[in-house]
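A short worksheet on the structure shown next.
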Amino acid sequence: MKILVTGSSGHLGEALVRHLTAAGHEVTGMDVKPAAFTSVVGSVDDVEAVRACMQGVEVVYHAATLHKPHVASHSMQQFIDTNVSGTLTLLQAAQANRVGAFIFTSTTSAFGDALRPPAGTPAAWVTEAVAAIPRNIYGVTKTAAEDLCLLFHRKHGLNCIILRTSRFFPEEDDDKLKRDSFAGENAKANEFLFRRVELEDVVSAHTAAAERAAALGFGKYIISATTPFLPEDLQDLNTDAAAVVRKRVPAYAGVYARLGWRMFDRIDRVYVNDAARRELGWRPKYDFAHILESLATGGYPRSPLTELVGSKGYHDEVFTDGPYPV
């Protein structure tokens with residue numbers, strides 16, 4: 001099968017190219033930055049470059065994007081050019097070439113201010129039914145690109161699946177307070193309870209989406225690790241998260257005590273992956289229980305793909321106050 005992967009120099013793009021190539025597919029990797037798994041250096045908003053890459057393609061995995069950490073370093077127009085105009089260019093070329101499946105990598109950041117309940121109120125139970133309230137240009141452009149995918153499905157019959165992925169990057173947190181308060185692996189392990197997903201599972205969600213695209217036609221799914229929490233936990237999660245974790249995952253307390261790790265005081269949202277597991281047939285391997293099992297035997301679990309792809313960062317320069325500009 002001939003496949004186009006955009007953003008092939010990034011975390012997910014490289015992982016997709018590695019996986020799909022190993023599975024025997026003919027893969028074109030496209031990115032503005034040259035890298036080992038990028039065969040075409042070019043922008044997704046370059047009409048001619050996209051048209052050339054789209055010839056004979058059966059599946060598009062559109063992972064190229066400007067991310068949240070770029071908000072402080074890139075203009076709003078650059079976000080629009082890449083995230084909106086670039087997606088439109090790809091959709092037009094995909095429709096013209098009768099591509100069978102267009103898989104768009106979106107983000108749970110699209111939910112924005114819908115995820116910020118005040119202290120003392122229940123945490124947000126985030127399913128696909130929650131309306132997005134973007135709070136920055138990143139969220140605005142990703143939701144606009146999602147709407148373009150829906151338009152091309154409705155007007156042209158293009159099979160489009162949108163995957164709103166939670167955190168899967170290995171870099172330090174963009175929140176300085178969290179970086180100062182928690183060791184990186186401690187914070188990431190905590191996040192597997194409610195807002196993180198392993199790279200290998202993100203890749204398997206994308207391939208599952210491509211396999212189901214023709215049957216579904218269109219769909220929008222949250223891609224995050226399976227949470228142990230239940231809706232009845234939401235009030236206590238936003239006031240005393242550790243107590244809820246002790247109830248749902250009792251083994252956590254002993255493992256964390258041996259490591260000298262801490263749970264977050266509050267958890268204000270829980271991403272729910274039920275629809276993706278049910279409708280895509282997606283089977284994520286990595287959840288908080290899996291993390292604990294590995295920690296108990298002395299190691300922090302990372303998928304083979306995560307080890308191969310490594311840490312890439314989001315900026316070419318180092319900033320005085322950490323990994324991200326302020």
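Any read-out appearing in this document is the output of simple, stated calculations on the displayed coordinates, not a laboratory observation. What you see is a predicted model; the values in this text were computed from it and never measured. Ideal geometry is used to build each Cβ from the backbone, glycine not excepted, and the neighbour counts take in all protein chains shown.
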note = Checking every Cys Cβ in the chain against the others at 4.7 Å leaves as unpaired 53
query = Pairing the Cα long axis of helix 199-216 with the longest principal axis of the chain, what angle in degrees results, from 0 to 90 and rounded to the nearest 10?
reply = 50
key: region 101-160: mean projected area of Cα convex hull, nm²   = 4.6
request  = Considering only DSSP beta bridges where both residues belong to the chain, give the percentage that are antiparallel (nearest 5).
outcome  = 5
task = Would you mind telling me which residue in 151, 280, 259 has the biggest mean-square fluctuation in a Gaussian network model of the chain, where springs connect alpha carbons within a distance under 10 angstrom?
result = 259
inquiry  = Distance cut-off 29 Å, Cα to Cα: go down the list 2/33; 142/178; 33/142; 2/68; 220/312; 33/68 and report the pairs above it.
reply    = 2/68
ask   = How much of the calculated P(r) for region 181-326 lies past 26 Å, in percent of all Cα pairs?
value = 35
Cα extents of the chain along the three principal axes, largest first (Å) = 56, 42, 38
note = With a ≥ b ≥ c from the Cα gyration tensor eigenvalues, square-rooted, and the rule rounded for a/c under 1.5, otherwise prolate when a/b > b/c and oblate otherwise, region 1-119 is prolate
task = Using a 10 angstrom cutoff on alpha carbons, build the Gaussian network for the chain and name the most mobile of 29, 139, 299.
result = 299
